[in-house]
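Worksheet: the structure to be examined is printed underneath.
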There are 2 protein chains.
Amino acid sequence: MPVIDPKTVPVKTGSIYPEPYASMMAGRSSLRLGDAGGLTQFGVNLVTLEPGALSSLRHWHLHEDEFVMVTEGACTLVLDAGETVMHPGDCAAFPAGNPDGHHFINHTDQVARFLVVGTKAPREVATYSDVDLRVEIEAGKARFTYKDGTDWEGPR
Amino acid sequence: MPVIDPKTVPVKTGSIYPEPYASMMAGRSSLRLGDAGGLTQFGVNLVTLEPGALSSLRHWHLHEDEFVMVTEGACTLVLDAGETVMHPGDCAAFPAGNPDGHHFINHTDQVARFLVVGTKAPREVATYSDVDLRVEIEAGKARFTYKDGTDWEGPR
(Lines give C-alpha, C1' and ligand atoms only; values in the text may rest on other atoms or scores of the structure.)
Protein backbone atom coordinates (compact mmCIF):
# COMPACT_ATOMS: atom_id res chain seq x y z
CA MET A 1 0.00 0.00 0.00
CA PRO A 2 1.59 3.30 -1.04
CA VAL A 3 0.16 5.22 1.95
CA ILE A 4 2.82 5.35 4.66
CA ASP A 5 1.63 5.03 8.23
CA PRO A 6 4.15 7.02 10.26
CA LYS A 7 3.29 4.91 13.32
CA THR A 8 4.85 1.89 11.57
CA VAL A 9 8.07 3.71 10.62
CA PRO A 10 10.95 3.21 13.07
CA VAL A 11 12.25 6.36 14.75
CA LYS A 12 15.93 6.77 13.92
CA THR A 13 18.14 8.47 16.50
CA GLY A 14 21.90 8.75 16.88
CA SER A 15 24.45 9.81 14.30
CA ILE A 16 27.21 8.29 12.15
CA TYR A 17 29.46 11.25 13.07
CA PRO A 18 32.59 10.52 15.06
CA GLU A 19 32.69 12.03 18.54
CA PRO A 20 32.59 14.75 19.71
CA TYR A 21 30.16 15.55 16.87
CA ALA A 22 27.73 12.63 17.35
CA SER A 23 26.82 13.85 20.84
CA MET A 24 26.00 17.27 19.40
CA MET A 25 23.06 15.63 17.56
CA ALA A 26 21.17 14.82 20.78
CA GLY A 27 17.49 15.74 20.46
CA ARG A 28 17.34 15.00 16.74
CA SER A 29 15.38 12.03 15.39
CA SER A 30 13.89 11.14 12.05
CA LEU A 31 11.39 8.92 10.27
CA ARG A 32 12.72 7.47 7.01
CA LEU A 33 9.49 7.79 5.09
CA GLY A 34 10.94 7.22 1.62
CA ASP A 35 12.69 4.03 2.65
CA ALA A 36 9.49 2.86 4.35
CA GLY A 37 7.65 3.42 1.08
CA GLY A 38 10.17 1.46 -0.97
CA LEU A 39 11.84 4.42 -2.68
CA THR A 40 15.49 4.04 -3.72
CA GLN A 41 16.27 7.10 -5.86
CA PHE A 42 15.92 9.75 -3.17
CA GLY A 43 15.52 9.78 0.59
CA VAL A 44 12.59 11.46 2.33
CA ASN A 45 12.94 11.94 6.07
CA LEU A 46 10.67 13.66 8.57
CA VAL A 47 13.10 15.15 11.07
CA THR A 48 12.12 16.11 14.61
CA LEU A 49 14.20 18.68 16.50
CA GLU A 50 13.62 18.93 20.23
CA PRO A 51 14.26 22.38 21.75
CA GLY A 52 17.92 23.27 21.21
CA ALA A 53 18.60 20.43 18.77
CA LEU A 54 20.60 20.67 15.53
CA SER A 55 19.64 18.91 12.29
CA SER A 56 23.29 18.11 11.50
CA LEU A 57 26.66 19.79 11.45
CA ARG A 58 26.53 22.62 8.92
CA HIS A 59 27.42 20.99 5.59
CA TRP A 60 27.06 20.94 1.82
CA HIS A 61 26.71 18.06 -0.65
CA LEU A 62 28.90 17.62 -3.70
CA HIS A 63 26.61 15.37 -5.76
CA GLU A 64 23.20 15.35 -4.09
CA ASP A 65 20.40 17.91 -4.39
CA GLU A 66 18.53 18.57 -1.13
CA PHE A 67 15.12 20.14 -0.40
CA VAL A 68 13.44 21.04 2.89
CA MET A 69 9.91 22.03 3.89
CA VAL A 70 9.24 23.00 7.51
CA THR A 71 6.12 21.22 8.78
CA GLU A 72 5.90 22.20 12.48
CA GLY A 73 7.31 24.84 14.81
CA ALA A 74 10.16 27.14 13.84
CA CYS A 75 13.47 25.99 12.34
CA THR A 76 16.37 28.42 12.09
CA LEU A 77 18.37 27.90 8.90
CA VAL A 78 22.05 28.76 9.24
CA LEU A 79 24.12 29.66 6.15
CA ASP A 80 27.43 31.46 5.55
CA ALA A 81 25.50 34.73 5.59
CA GLY A 82 23.72 34.11 8.88
CA GLU A 83 20.40 32.88 10.24
CA THR A 84 16.85 32.81 8.83
CA VAL A 85 13.84 31.57 10.80
CA MET A 86 11.55 29.28 8.80
CA HIS A 87 7.96 28.35 9.62
CA PRO A 88 5.53 25.63 8.46
CA GLY A 89 5.19 25.69 4.68
CA ASP A 90 8.51 27.52 4.19
CA CYS A 91 10.85 25.74 1.81
CA ALA A 92 14.53 25.82 0.95
CA ALA A 93 16.60 24.16 -1.77
CA PHE A 94 20.29 23.25 -1.68
CA PRO A 95 21.57 22.35 -5.14
CA ALA A 96 24.46 19.86 -5.29
CA GLY A 97 27.88 21.49 -5.37
CA ASN A 98 26.92 24.83 -3.81
CA PRO A 99 29.51 25.28 -1.03
CA ASP A 100 27.30 27.47 1.19
CA GLY A 101 26.82 25.01 4.06
CA HIS A 102 23.49 24.73 5.85
CA HIS A 103 21.86 23.23 8.88
CA PHE A 104 18.83 23.89 11.07
CA ILE A 105 18.64 24.73 14.77
CA ASN A 106 15.56 24.68 16.95
CA HIS A 107 16.02 27.86 18.98
CA THR A 108 12.51 27.58 20.48
CA ASP A 109 11.07 25.74 23.48
CA GLN A 110 8.69 23.72 21.29
CA VAL A 111 9.32 20.72 19.04
CA ALA A 112 10.07 21.60 15.41
CA ARG A 113 9.84 19.34 12.37
CA PHE A 114 10.79 19.43 8.72
CA LEU A 115 10.55 17.16 5.71
CA VAL A 116 13.87 16.73 3.90
CA VAL A 117 14.44 15.17 0.50
CA GLY A 118 17.88 14.25 -0.83
CA THR A 119 19.07 12.37 -3.87
CA LYS A 120 20.79 9.04 -3.23
CA ALA A 121 23.93 9.40 -5.35
CA PRO A 122 26.12 6.32 -5.91
CA ARG A 123 29.02 8.25 -4.38
CA GLU A 124 28.71 11.34 -2.22
CA VAL A 125 31.02 13.79 -0.48
CA ALA A 126 29.69 16.06 2.25
CA THR A 127 31.88 18.83 3.63
CA TYR A 128 31.28 20.35 7.06
CA SER A 129 31.57 24.13 7.05
CA ASP A 130 32.56 24.90 10.62
CA VAL A 131 34.93 22.03 11.51
CA ASP A 132 37.82 20.29 9.72
CA LEU A 133 35.73 17.33 8.56
CA ARG A 134 34.33 15.79 5.43
CA VAL A 135 32.78 12.42 4.64
CA GLU A 136 32.86 10.23 1.56
CA ILE A 137 29.95 7.83 1.26
CA GLU A 138 29.93 4.95 -1.21
CA ALA A 139 27.97 1.67 -1.20
CA GLY A 140 26.53 2.58 2.20
CA LYS A 141 29.97 2.96 3.79
CA ALA A 142 31.15 6.28 5.26
CA ARG A 143 34.79 7.38 5.44
CA PHE A 144 35.44 10.53 7.51
CA THR A 145 38.49 12.62 6.58
CA TYR A 146 39.97 16.01 7.26
CA LYS A 147 39.35 18.54 4.49
CA ASP A 148 42.79 17.67 3.03
CA GLY A 149 41.51 14.11 2.41
CA THR A 150 43.57 12.33 5.09
CA ASP A 151 41.84 9.99 7.52
CA TRP A 152 40.10 11.75 10.41
CA GLU A 153 41.70 10.89 13.75
CA GLY A 154 40.13 13.45 16.06
CA PRO A 155 39.30 17.16 16.17
CA ARG A 156 42.10 19.50 15.14
CA MET B 1 19.39 32.39 -1.32
CA PRO B 2 18.23 28.84 -0.67
CA VAL B 3 14.96 29.91 0.95
CA ILE B 4 12.23 29.83 -1.69
CA ASP B 5 9.63 32.57 -1.54
CA PRO B 6 6.48 30.95 -2.96
CA LYS B 7 5.23 34.41 -3.94
CA THR B 8 8.05 34.64 -6.50
CA VAL B 9 7.37 31.22 -8.02
CA PRO B 10 5.18 31.29 -11.14
CA VAL B 11 1.88 29.40 -10.89
CA LYS B 12 1.78 26.70 -13.56
CA THR B 13 -1.62 25.76 -14.98
CA GLY B 14 -2.66 23.73 -18.02
CA SER B 15 -1.49 20.30 -19.10
CA ILE B 16 0.66 18.67 -21.75
CA TYR B 17 -2.03 15.99 -22.24
CA PRO B 18 -3.76 15.84 -25.59
CA GLU B 19 -7.48 16.64 -25.54
CA PRO B 20 -9.91 15.53 -24.24
CA TYR B 21 -7.61 14.83 -21.27
CA ALA B 22 -6.05 18.30 -20.89
CA SER B 23 -9.44 19.84 -20.16
CA MET B 24 -9.99 17.29 -17.39
CA MET B 25 -7.12 18.97 -15.48
CA ALA B 26 -9.06 22.22 -14.96
CA GLY B 27 -8.73 23.44 -11.37
CA ARG B 28 -5.22 22.04 -10.90
CA SER B 29 -2.21 24.32 -10.60
CA SER B 30 1.28 23.96 -9.21
CA LEU B 31 4.34 25.83 -7.97
CA ARG B 32 7.60 24.34 -9.21
CA LEU B 33 9.52 24.84 -6.00
CA GLY B 34 12.47 22.61 -6.84
CA ASP B 35 13.08 24.30 -10.18
CA ALA B 36 12.80 27.69 -8.47
CA GLY B 37 15.49 26.59 -6.02
CA GLY B 38 17.84 25.43 -8.76
CA LEU B 39 17.41 21.67 -8.25
CA THR B 40 17.91 19.41 -11.25
CA GLN B 41 17.92 15.85 -9.88
CA PHE B 42 14.32 15.73 -8.70
CA GLY B 43 11.26 17.92 -9.08
CA VAL B 44 9.35 19.30 -6.10
CA ASN B 45 5.94 20.79 -6.85
CA LEU B 46 3.29 22.20 -4.53
CA VAL B 47 0.05 21.23 -6.25
CA THR B 48 -3.26 23.00 -5.60
CA LEU B 49 -6.53 21.19 -6.33
CA GLU B 50 -9.65 23.30 -6.44
CA PRO B 51 -12.86 21.50 -5.41
CA GLY B 52 -13.48 18.67 -7.88
CA ALA B 53 -10.03 18.87 -9.48
CA LEU B 54 -7.77 15.92 -10.36
CA SER B 55 -4.01 15.87 -9.90
CA SER B 56 -3.48 14.00 -13.18
CA LEU B 57 -4.86 11.06 -15.08
CA ARG B 58 -4.29 7.93 -12.99
CA HIS B 59 -0.78 6.76 -13.95
CA TRP B 60 2.42 5.00 -12.95
CA HIS B 61 6.06 5.78 -13.73
CA LEU B 62 8.49 3.25 -15.19
CA HIS B 63 11.76 4.89 -14.09
CA GLU B 64 10.92 7.64 -11.61
CA ASP B 65 10.22 7.31 -7.87
CA GLU B 66 7.46 9.61 -6.59
CA PHE B 67 6.53 10.80 -3.09
CA VAL B 68 3.59 12.86 -1.86
CA MET B 69 2.76 14.66 1.40
CA VAL B 70 -0.64 16.29 1.77
CA THR B 71 -0.27 19.82 3.17
CA GLU B 72 -3.81 21.24 3.17
CA GLY B 73 -7.40 19.97 2.94
CA ALA B 74 -8.28 16.42 1.98
CA CYS B 75 -6.92 14.59 -1.07
CA THR B 76 -8.46 11.31 -2.14
CA LEU B 77 -5.85 8.88 -3.45
CA VAL B 78 -7.16 6.50 -6.12
CA LEU B 79 -5.42 3.17 -6.76
CA ASP B 80 -6.41 -0.11 -8.44
CA ALA B 81 -7.92 -1.20 -5.12
CA GLY B 82 -10.03 1.92 -4.60
CA GLU B 83 -9.97 5.24 -2.76
CA THR B 84 -8.22 6.45 0.41
CA VAL B 85 -8.72 9.93 1.86
CA MET B 86 -5.46 11.60 2.93
CA HIS B 87 -5.09 14.59 5.26
CA PRO B 88 -2.29 17.07 6.06
CA GLY B 89 0.86 15.22 7.07
CA ASP B 90 -0.23 11.97 5.40
CA CYS B 91 2.36 10.61 2.97
CA ALA B 92 2.44 8.12 0.12
CA ALA B 93 5.26 6.66 -1.94
CA PHE B 94 5.11 5.30 -5.47
CA PRO B 95 8.27 3.37 -6.36
CA ALA B 96 9.29 3.36 -10.02
CA GLY B 97 7.95 0.41 -11.96
CA ASN B 98 4.99 -0.44 -9.72
CA PRO B 99 2.06 -0.67 -12.15
CA ASP B 100 -0.62 0.26 -9.60
CA GLY B 101 -1.58 3.65 -11.05
CA HIS B 102 -2.42 6.58 -8.78
CA HIS B 103 -3.86 10.05 -8.81
CA PHE B 104 -5.56 12.41 -6.37
CA ILE B 105 -9.04 13.92 -6.48
CA ASN B 106 -10.33 16.76 -4.36
CA HIS B 107 -13.81 15.51 -3.47
CA THR B 108 -14.36 18.38 -0.99
CA ASP B 109 -15.65 21.94 -1.35
CA GLN B 110 -12.37 23.40 -0.02
CA VAL B 111 -8.98 23.84 -1.70
CA ALA B 112 -6.57 20.93 -1.15
CA ARG B 113 -2.79 20.94 -1.58
CA PHE B 114 0.03 18.42 -1.62
CA LEU B 115 3.78 18.46 -2.06
CA VAL B 116 5.00 16.00 -4.69
CA VAL B 117 8.58 14.91 -5.34
CA GLY B 118 9.64 12.96 -8.41
CA THR B 119 13.00 11.95 -9.81
CA LYS B 120 14.00 13.54 -13.10
CA ALA B 121 15.05 10.48 -15.10
CA PRO B 122 16.84 11.01 -18.45
CA ARG B 123 14.09 8.98 -20.11
CA GLU B 124 10.69 8.28 -18.64
CA VAL B 125 7.57 6.34 -19.59
CA ALA B 126 4.28 7.00 -17.82
CA THR B 127 1.31 4.72 -18.41
CA TYR B 128 -2.26 5.87 -17.78
CA SER B 129 -4.33 3.24 -16.01
CA ASP B 130 -7.85 4.08 -17.11
CA VAL B 131 -7.41 5.14 -20.77
CA ASP B 132 -5.43 3.78 -23.72
CA LEU B 133 -2.55 6.24 -23.34
CA ARG B 134 1.10 6.35 -22.39
CA VAL B 135 3.79 8.99 -22.76
CA GLU B 136 7.52 8.74 -23.40
CA ILE B 137 9.51 11.74 -22.18
CA GLU B 138 13.11 12.31 -23.22
CA ALA B 139 15.17 15.52 -23.32
CA GLY B 140 12.09 17.50 -22.29
CA LYS B 141 10.05 16.24 -25.26
CA ALA B 142 6.86 14.20 -24.77
CA ARG B 143 5.53 11.62 -27.23
CA PHE B 144 2.04 10.29 -26.50
CA THR B 145 1.20 6.79 -27.73
CA TYR B 146 -1.41 4.11 -27.29
CA LYS B 147 -0.40 1.34 -24.91
CA ASP B 148 0.74 -0.72 -27.93
CA GLY B 149 3.38 1.98 -28.63
CA THR B 150 1.81 3.44 -31.80
CA ASP B 151 1.33 7.20 -32.08
CA TRP B 152 -1.73 8.50 -30.26
CA GLU B 153 -4.29 9.97 -32.67
CA GLY B 154 -7.34 10.35 -30.44
CA PRO B 155 -9.31 8.42 -27.82
CA ARG B 156 -10.16 4.84 -28.69
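Only one of B:Gly82, B:Gly101 is more than 20 Å from A:Thr119 (Cβ to Cβ) and in contact with a His (Cβ under 9 Å, 6 or more places away or on another chain). Can you tell me which?
On the way: B:Gly82 fails: in contact with a His (Cβ under 9 Å, 6 or more places away or on another chain).
Going through B:Gly82, B:Gly101 in turn, just one is more than 20 Å from A:Thr119 (Cβ to Cβ) and in contact with a His (Cβ under 9 Å, 6 or more places away or on another chain): B:Gly101.
Would the range B:122-139 turn up any residue that is over 28 Å from A:Val9 (Cα atoms), among the acidic types (Asp, Glu) and touching a Pro at 6+ places or on another chain (Cβ under 8 Å)?
Kept after step one, since they are over 28 Å from A:Val9 (Cα atoms), are these residues of the range B:122-139: B:122-139.
If we keep only those that are among the acidic types (Asp, Glu) as well, we get B:124, B:130, B:132, B:136, B:138.
Still in the list and also touching a Pro at 6+ places or on another chain (Cβ under 8 Å): B:132, B:138.
Yes: one or more hits.
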Test result for B:Thr40, surrounded by fewer than 18 Cβ atoms within 10 Å (Cβ to Cβ), in a loop (DSSP other than H, G, I, E, B), at pLDDT 95 or above and within 9 Å of chain A (Cβ to nearest Cβ): yes
Residue in the range B:121-156 that is farthest from B:Phe42 (Cα to Cα), counting only those that are surrounded by fewer than 17 Cβ atoms within 10 Å (Cβ to Cβ) and among the basic types (Lys, Arg): B:Arg156
Output for the range A:19-34, where each listed residue is closer than 16 Å to A:Ala53 by Cβ and either polar (S, T, N, Q) or within 14 Å of chain B (Cβ to nearest Cβ) (or both): A:Ser23, A:Ser29, A:Ser30, A:Leu31
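State yes or no: is A:Pro88 part of a loop (DSSP other than H, G, I, E, B) and modelled with pLDDT under 95? I'd like the intermediate steps shown before the answer.
Values: part of a loop (DSSP other than H, G, I, E, B): yes; modelled with pLDDT under 95: no.
So A:Pro88 fails the test.
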Failed condition for A:Met24, given (1) of a type in the set (A, V, I, L, M); (2) assigned to a loop (DSSP other than H, G, I, E, B); (3) within 14 Å of the chain's Cα centre (by Cα): (2)
Evaluation of A:Ile16 against (1) within 13 Å of chain B (Cβ to nearest Cβ); (2) under 12 Å from the mean Cα position of the chain (by Cα) (one fails), failing number: (1)
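Among what's in the range A:6-26 and is out of contact with any Phe, Trp or Tyr (no Cβ under 9 Å at 6 or more places or on another chain) and in contact (Cβ under 8 Å) with a residue 40 or more places away in the chain, pick the residue that is surrounded by the most Cβ atoms within 10 Å (Cβ to Cβ).
First pass over the range A:6-26, keeping only residues out of contact with any Phe, Trp or Tyr (no Cβ under 9 Å at 6 or more places or on another chain): A:6-14, A:19-20, A:22, A:26.
In the following step, the residues that additionally are in contact (Cβ under 8 Å) with a residue 40 or more places away in the chain were identified as A:6, A:20.
Details: A:Pro6: 13, A:Pro20: 10.
Here the answer is A:Pro6.
Would you please name the residue that is surrounded by the most Cβ atoms within 10 Å (Cβ to Cβ), looking only at residues in the range A:103-120 that are over 10 Å from the mean Cα position of the chain (by Cα) and within 12 Å of chain B (Cβ to nearest Cβ)?
Here is the first cut: in the range A:103-120, the ones over 10 Å from the mean Cα position of the chain (by Cα) are A:105-115, A:119-120.
In the following step, the residues that additionally are within 12 Å of chain B (Cβ to nearest Cβ) were identified as A:113-115, A:119-120.
On the way: A:Arg113: 20, A:Phe114: 26, A:Leu115: 23, A:Thr119: 21, A:Lys120: 18.
Among residues in the range A:103-120 that are over 10 Å from the mean Cα position of the chain (by Cα) and within 12 Å of chain B (Cβ to nearest Cβ), the one surrounded by the most Cβ atoms within 10 Å (Cβ to Cβ) is A:Phe114.
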One residue from A:Asp90, A:Asp100 being in contact with a Leu (Cβ under 7 Å, 6 or more places away or on another chain) and at the interface with chain B (Cβ under 9 Å from one of its Cβ atoms): A:Asp100
Residue match in the range B:58-65 (condition: over 27 Å from A:Lys120 (Cα atoms), in contact with a Pro (Cβ under 9 Å, 6 or more places away or on another chain) and not hydrophobic (A, V, I, L, M, F, W, C)): no
Any chance B:Thr48 is β-branched (Val, Ile, Thr) and assigned to a loop (DSSP other than H, G, I, E, B): no
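The values are calculated or read from the model by the stated rules, or taken from the named source; none is laboratory data. These numbers were taken from a predicted model, which means no experiment stands behind them. Positions of Cβ are backbone-derived with ideal geometry, glycine not excepted, and every protein chain shown enters the neighbour counts.
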